[in-house]
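Since the structure comes first, as structure tokens, the remarks are kept for the end.
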Amino acid sequence: MRTQGQVKQQLRQVIYRHLQKKLRALFKKKPITCGHNRKVPLVDGGHVRLCGFLHPNLGIPRHVPCDDRISGCTEMARECPMWGPRQPKADVKAQYHALIQSSDRGRIAAEYPDIAALMWVLDDPADIPSESEIAEMGDEDEEEPEKPGGLWGWFKKLGGG
């Protein structure tokens, strides 16, 4: 049987890991994570995503296709100098911590069942770690470089390309 302190430490770690996973997903350079990416409806009822970055001289959107479903767009987004996140990192962190500190256990359970289970075991709102306690877990602002995957990533590890 685990002590209350051990459960609380486990809760801190799980909360921290979920936050890091969320930040990595939202700040990965992909078309869907760019704040300039816009969904444009098509005549047939479908849609395509285009870059909505405003041209500095003309003040009109670029309207360059930037859609995961189009070949080459994901690679283009990784290299795009205009890529910007949909939300500032501080806002994402604040919303995440507000949810964890909230009394909406149903929403927490729906999004993070392991966090809800540990909260249920502790059964005391005072035992929920604060934002500062979570920040102490590690350097949150450290950016992890994207790891190349697949055959190309394997080739690069061998010193090729």
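The values are calculated or read from the model by the stated rules, or taken from the named source; none is laboratory data. Computed from a prediction, not measured in an experiment: that's the story for all the values here. All Cβ positions, glycine included, derive from the backbone under ideal geometry; neighbour counts span all protein chains shown.
Some observations on this one:
- Qualifying residue in the range 2-23 (condition: farther than 24 Å from residue 116 by Cβ and not small (Gly, Ala, Ser)): no
- Some residue of the range 118-132 being out of contact with any helix residue (DSSP H, G or I) (no Cβ under 7 Å at 6 or more places or on another chain), surrounded by fewer than 14 Cβ atoms within 10 Å (Cβ to Cβ) and at pLDDT 90 or above: yes
- The conditions of being at pLDDT 80 or above, assigned by TED's automatic domain parsing to the domain that holds residue 17 and out of contact with any Asp or Glu (no Cβ under 6 Å at 6 or more places or on another chain) are not met by residue 77.
- Selection from the range 67-118 of residues that are part of a loop (DSSP other than H, G, I, E, B), aromatic (Phe, Trp, Tyr) and closer than 27 Å to residue 49 by Cβ: 83
- Checking every residue in the range 139-149 against the condition of being assigned to a helix (DSSP H, G or I) and either closer than 30 Å to residue 4 by Cα or at pLDDT 90 or above (or both) gives zero matches.
- When the residues of the range 48-66 are filtered to those that are at pLDDT below 90 and not in a loop (DSSP other than H, G, I, E, B), the one that is surrounded by the most Cβ atoms within 10 Å (Cβ to Cβ) is 61.
- Boolean, residue 152 is surrounded by 10 or more Cβ atoms within 10 Å (Cβ to Cβ), at pLDDT below 75, among the aromatic types (Phe, Trp, Tyr) and over 17 Å from residue 17 (Cβ atoms): yes
- Condition met for residue 98 (of a type in the set (A, V, I, L, M, F, W, C), modelled with pLDDT of 80 or more and either in contact with a Lys or Arg (Cβ under 7 Å, 6 or more places away or on another chain) or farther than 18 Å from residue 24 by Cβ (or both)): yes
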